[in-house]
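Worksheet: the structure to be examined is printed underneath.
The values are calculated or read from the model by the stated rules, or taken from the named source; none is laboratory data. Quick caveat, the model's predicted, so the values are computed rather than measured. With ideal geometry, Cβ positions are generated from the backbone for all residues, glycine too; neighbour counts draw on all protein chains shown. Remember, those area values only see protein heavy atoms, side chains included, never the ligands or the DNA or RNA. Shrake-Rupley method; radii C 1.70, N 1.55, O 1.52, S 1.80 Å.
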Amino acid sequence: MDRRVLLLVLATFVTGTAENIVIGILPDIAGGLGVSIGLAGQLTAVFSITFALAAPAALLLTARLERKAAFVAALAAFVLCNLLAAASPGYGVLFVARVGMAAASATIALLATMLATELVDESMKGRAIGVIFMGVSGSLVLGVPIGMLVCSLAGWRSVFLALAALAVVVLIVCRLKVPDVGARRQGTPDYLAHLRSRPLVCAQLVSILMISGHFVLFAYLAPYLGGVLGIAGTGIVLAFIAFGVAGVSGGYLGGLTADKLTPRRAIVLVPLGYLTALMLIPLAAGTSLSFFPVMMVWACLSWMISPAVQSFLIAMGPDTAEAGVSLNLSAMHIGVGLGTALGGVAVELVPISSLPGIGAILAAMALMMAMLAYRGAGRRTGLAV
């Protein structure tokens, strides 16, 4: 694989850290600005909402621009928004900075994905997409803990300064090493044509439903570990490290599966494996020894879905591929919001041990959509299997 793809991974690592770091430094931000924990938590919510809305808009706004130039400009905007966050005198300015940060991050993620597919052969496009998503999953493993350490040493504002500094380095290196690829090749993105295709819409629903099913449990994994397995303190930290390590591998494996088995098969096999893992979690929850391996398989499969779906969207809808990828970035964040909200309602109404079952219902719905996408794509291409 072209090593320049790894430079694009650094960009998604930085933006992924920016999205999730507030969760780790929430008390410091709330205390520093004199607001409640709940209000400070909205800084993460507004990031996800803005990202979901900005991804399709970013494709339209950059349609006539050379993609590398647009990518570098988005990185520059990301730097400025982080500097604004670091200097924010109050909650309102930080809120605005987070909105700008999210819009820039959506543009960076979209263009990094498309640039990566330009730098590799047709046979490696799935793996290129998977590697890009390893940057996001890697930010959870390394970026967020490092950000928390920086916060403990120099305060929460220093975290945004550090993100700005790292983004400047990524900007300079990408400006020097990533080649110009020209403007978009498909003209104005046709979202309506993409949404008129039943297999492609079903593929988008696979992302929404499977990621929703994931976050029903993942967003409340710490209380689940404590309430069901009696794990606390260092054990929870180790569980999240294990989860993160498995998640990083999932990004690459999802792309590899799409390349080796075809995107059409991958979009079915990944949800099937994920549903199986979710159903095994309650059975493995008797001891940590049995739970951790199942949890790591679950984590790995959860990060395999995005490369699999995006490879499917590109392969089965080449004329609307970029519109499909941008909508899929939105679909992912919609899934995060829906799953987190549903899990929050569930923990108030049913025992927390029920969360894997609720997630499995959503995963089963995702599998149904995947099968419809598989069959619909087969009719369009004339493939029997």
Notebook entry, point to check: What do you reckon, how do LYS68, LYS125, LYS260 stack up by accessible area (1.4 Å probe), largest on top?
Noted result: LYS260, LYS125, LYS68
Check: Once phi is turned into ³J(HN,Hα) by the Karplus curve 6.51 cos²θ - 1.76 cosθ + 1.60 with θ = phi - 60°, what whole-Hz value does each residue of region 291-302 show in order, with x for glycine and proline?
Finding: 6, 4, x, 5, 4, 5, 5, 4, 5, 4, 5, 5
Next item on the list: Can you tell me the relative contact order of the chain? Whole percent, Cα pairs under 8 Å, sequence separation 6 or more.
Entry: 25 percent
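Which order do peptides 157-170, 347-360 fall in by mean Cβ count within 10 Å, highest first? Don't skip to the end; give the middle numbers.
Numbers: 157-170: 19.9, 347-360: 17.0.
In descending order of packing, they fall as 157-170, 347-360.
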Item checked: Mean ellipticity per residue at 222 nm, deg cm²/dmol - from DSSP H runs of n ≥ 4 across the chain, formula -39500 (n - 2.57) -> -28000 deg cm²/dmol
Check: So which residue, out of PRO271, PRO89, PRO56, gets the largest mean-square fluctuation from a GNM of the chain using Cα contacts under 10 Å as springs?
Finding: PRO89
Item checked: All lysines inside 19 Å of LYS68 as judged from Cα atoms, apart from same-chain residues fewer than 8 positions distant -> LYS125, LYS177
Notebook entry, point to check: What accessible area, in Å² to the nearest ten, does a 1.4 Å probe give for TYR252?
Noted result: 80 Å²
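Could you calculate the FRET efficiency of LEU65 with ALA341 from 1/(1 + (r/R0)^6), where r is the beta carbon distance between them and R0 is 25 Å, rounded to 0.05?
In this case the efficiency is close to 0.10.
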Note to self: Amide H of ILE231 versus every other amide H placed in the peptide plane: which residues, excluding those fewer than 5 positions away on the same chain, fall under 5 Å?
What the structure shows: GLY226
Check: Suppose every K and R has +1 on its Cβ and every D and E has -1 on its Cβ; what is the size of the dipole of region 61-128 about the Cα centre, in Debye to the nearest 20?
Finding: 120 debye
Checklist line | Accessible area of ASP319 in the full protein assembly, 1.4 Å probe (Å², nearest 10) | finding: 130 Å²
Note to self: So if I restrict to the alpha-carbon atoms in region 88-168, what is the Rg, and what is Dmax, the biggest pairwise distance, in Å?
What the structure shows: 15.7, 50
Item checked: Of GLY233, GLY32, GLY16, the one that fluctuates the most in a GNM where the chain has Cα springs shorter than 10 Å -> GLY233
Next item on the list: Find, to one decimal place in angstroms, the Kirkwood hydrodynamic radius of region 1-49, where the mean of 1/r is taken over every pair of different Cα atoms and then inverted.
Entry: 12.3 Å
Check: Between LEU253, LEU229, LEU338, which gets the highest mean-square fluctuation from a Gaussian network model of the chain, Cα cutoff 10 Å?
Finding: LEU229
Item checked: Karplus-derived HN-Hα couplings along region 69-76 (A = 6.51, B = -1.76, C = 1.60, θ = phi - 60°), whole Hz, x at Gly and Pro -> 5, 5, 4, 5, 5, 5, 4, 5
